[in-house]
């Protein structure tokens, strides 16, 4: 396991919980143990493929990993349900960021199921990269759900820096800021409209429009 991987461990443990509560696909479960487990003997036994003995070994091994002490993580069920649509610009941007990942993840789950339970070396070689990508996508989806929860609680995204939006008392600095706001609104609007754009651009877009209203008392009128 690479150093400084605590956050990655949290995500894997959440995936283990989902695996135990779900269909318990052997290949995905084995991939989880390979990433988080440290018993090489168990890893070698699991490489022999799925049977009654290795399936039970895998379940016990993953269950034991959950009991190991790790700092508390926020558990978000990012794979069980769809993120709801919203009229809120930032929430909808989060959904737009999440949806392609969720769609790809479900497509890969269907693909891995097509291989069935065969444990011949060729099939294992084909399935394992898919399993790793599924885990990576689950982690990305979960991170977006966490950001969504944070936004609902605090009104901003966790990476948003409010210090950029302090209104200066100096008239010259204020005039300079006011002049830059339309440019920042346009720039972030264009960025948030790009496929796969980060929701932060939507947050910045909304905040610059709010800032304009704070300073002028008027709604910002956008030009095409």
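The values are calculated or read from the model by the stated rules, or taken from the named source; none is laboratory data. Quick caveat, the model's predicted, so the values are computed rather than measured. Quick reminder, even Gly has a Cβ in these numbers, built from the backbone with ideal geometry, and neighbours come from all protein chains shown.
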Discussion item. Here's a check for you: in segment 148-170, which residue that is farther than 17 Å from residue 199 by Cβ and exposed (fewer than 10 other Cβ atoms within 10 Å of the Cβ) is nearest to the chain's Cα centre (by Cα)?
Written reply: 163
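Among the residues of segment 187-203, is there at least one that is surrounded by 11 or more Cβ atoms within 10 Å (Cβ to Cβ), out of contact with any strand residue (DSSP E or B) (no Cβ under 8 Å at 6 or more places or on another chain) and farther than 15 Å from residue 89 by Cβ?
Yes, segment 187-203 contains at least one residue that is surrounded by 11 or more Cβ atoms within 10 Å (Cβ to Cβ), out of contact with any strand residue (DSSP E or B) (no Cβ under 8 Å at 6 or more places or on another chain) and farther than 15 Å from residue 89 by Cβ.
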Practice prompt. Only residues in segment 198-224 that are under 22 Å from residue 143 (Cα atoms) count as the first member; pair them with residues that are loosely packed, with under 10 Cβ neighbours inside 10 Å and at pLDDT 95 or above, Cβ under 8 angstrom, at least 6 apart or cross-chain, and list the lot.
Written response: none
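Just checking, which of 174, 204 is assigned to a helix (DSSP H, G or I), modelled with pLDDT under 95 and in contact with a helix residue (DSSP H, G or I) (Cβ under 8 Å, 6 or more places away or on another chain)? Don't jump to the end; show me each part of the working.
Working: 204 fails: modelled with pLDDT under 95.
So the residue among 174, 204 that is assigned to a helix (DSSP H, G or I), modelled with pLDDT under 95 and in contact with a helix residue (DSSP H, G or I) (Cβ under 8 Å, 6 or more places away or on another chain) is 174.
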Fill in: Qualifying residue in segment 106-114 (condition: under 19 Å from residue 195 (Cβ atoms), out of contact with any strand residue (DSSP E or B) (no Cβ under 8 Å at 6 or more places or on another chain) and in contact (Cβ under 8 Å) with a residue 60 or more places away in the chain)
no
Practice prompt. With respect to residue 209, determine if the residue is under 17 Å from residue 97 (Cα atoms) and surrounded by 11 or more Cβ atoms within 10 Å (Cβ to Cβ).
Written response: no
Fill in: Residues located in segment 101-128, provided they are loosely packed, with under 15 Cβ neighbours inside 10 Å and modelled with pLDDT of 85 or more
103, 106, 107, 110, 111
Response to the item:
All-but-one check, residue 145 against (1) in contact with a helix residue (DSSP H, G or I) (Cβ under 8 Å, 6 or more places away or on another chain); (2) surrounded by fewer than 16 Cβ atoms within 10 Å (Cβ to Cβ), failing number (2)
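Can you list the helices (runs of 4 or more DSSP H) lying wholly within segment 1-81 that have 3 or more residues being surrounded by fewer than 20 Cβ atoms within 10 Å (Cβ to Cβ), modelled with pLDDT under 80 and out of contact with any helix residue (DSSP H, G or I) (no Cβ under 9 Å at 6 or more places or on another chain)?
Working: elements: 6-21, 26-36, 40-46, 52-67.
Fully inside segment 1-81 and qualifying: 6-21.
Does residue 179 fit the bill of being surrounded by 15 or more Cβ atoms within 10 Å (Cβ to Cβ) and over 30 Å from residue 18 (Cα atoms)? First the steps, then the outcome.
Values: surrounded by 15 or more Cβ atoms within 10 Å (Cβ to Cβ): no; over 30 Å from residue 18 (Cα atoms): yes.
Considered against the rule, which asks whether it is surrounded by 15 or more Cβ atoms within 10 Å (Cβ to Cβ) and over 30 Å from residue 18 (Cα atoms), residue 179 comes out as no.
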Fill in: residue 185, sole failed condition from (1) in contact with a helix residue (DSSP H, G or I) (Cβ under 8 Å, 6 or more places away or on another chain); (2) under 25 Å from residue 82 (Cα atoms); (3) not assigned by TED's automatic domain parsing to the domain that holds residue 98
(2)
